[in-house]
1. Carbon and sulfur together cover what percent of the accessible area of the stretch 1-169 at a 1.4 Å probe radius?
2. Under a GNM of the chain (C-alpha, springs under 10 Å), which listed residue has the highest mean-square fluctuation: ALA159, ALA40, ALA26?
3. With charges only on Cβ, +1 for K and R and -1 for D and E, what is the dipole size of the stretch 1-169 about its Cα centre, in debye, rounded to 20?
4. Considering the chain as a Gaussian network with a 10 Å cut-off on Cα pairs, which listed residue, ILE71, ILE90, ILE22, attains the greatest mean-square fluctuation?
5. From the protein chains alone at 1.4 Å, what is the descending order of accessible area for GLU6, GLU94, GLU73, GLU108, largest first?
6. For the stretch 1-169, with every protein chain kept in place, what is the accessible area per residue (1.4 Å probe, Å²)?
7. Taking the convex hull of the Cα atoms, report for the chain its projected area averaged over all directions, in nm².
8. Which of CYS51, LEU32, GLY75 sits closest to the plus end of the dipole of the stretch 1-145, meaning its Cα is farthest towards the positive end, when Lys and Arg get +1 and Asp and Glu get -1 on the C-beta?
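The values are calculated or read from the model by the stated rules, or taken from the named source; none is laboratory data. Bear in mind that the values here come from a model prediction, so they are computed numbers and not experimental data. Positions of Cβ are backbone-derived with ideal geometry, glycine not excepted, and every protein chain shown enters the neighbour counts. These area figures cover heavy atoms from the full protein model, side chains too; ligands, DNA and RNA do not enter into them. Shrake-Rupley method; radii C 1.70, N 1.55, O 1.52, S 1.80 Å.
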Amino acid sequence: MPVYTETQQNPYRWHFLIAHVIAQGAILAFLLNQFPFLLADPILLIVLLVCQFVFGGFWGFSFFRRLDLRIDETGVQYRAPLAWARWQQIPWTEVNRLYVREYALFGEYPKGVLGLRQGPNGFAFAPFYGQFGLQIEKTTGGKVLLATQQHVALTTYIANHAALNPVAGA
């Protein structure tokens, strides 16, 4: 069976990171200029720097999130939210139905952060812009929605390989 792969990541992640570092430096310079007692007290200065580091790490994490999707003879594999995350696998024996559909992320999946969403419709990972996703309905009743930026290619792949996989396009 031919393999379908797709990787979604923010193409402007380095631009955002550089802008964020510059903004953090400007904020730090402003605070130290406006509140000189921060320089006099090393504890306050350390607290300020730690808070900026934590805030910067959170935003840096959001700039570098990604979704890797792979469909092959063993099933559907995905890796989210970062490149070093473990691959999650849904074998074909657990897939009841598989299709590409349009979705409204915040309407259908109201709870979550950074593209990882949870709702009454199951689990969704939609890291970036877009409105199409691969809907996986499991035999156990659970649902997983994985966003796709190449919905036409994915729909074509599922339609062309339905004979090799009895649940695809069902």
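1. Details: 6470 of 9790 Å².
Taking all protein chains in place, the stretch 1-169 shows 66 percent carbon and sulfur surface.
2. Maximum fluctuation in the GNM of the chain, among the listed residues, is at ALA40.
3. Details: 12 positive and 9 negative charges, 21 e Å.
Using Cβ point charges on Lys, Arg, Asp and Glu, the stretch 1-169 gives about 100 debye.
4. Evaluated over the chain, the most mobile residue of the options is ILE22.
5. Details: GLU6 10, GLU94 75, GLU73 110, GLU108 40 Å².
The most accessible residue leads, giving GLU73, GLU94, GLU108, GLU6.
6. On the way: 9790 Å² over 169 residues.
On a per-residue basis, 58 Å².
7. Working: hull surface 48.5 nm².
The orientation-averaged projected area of the Cα hull of the chain comes to 12.1 nm².
8. GLY75
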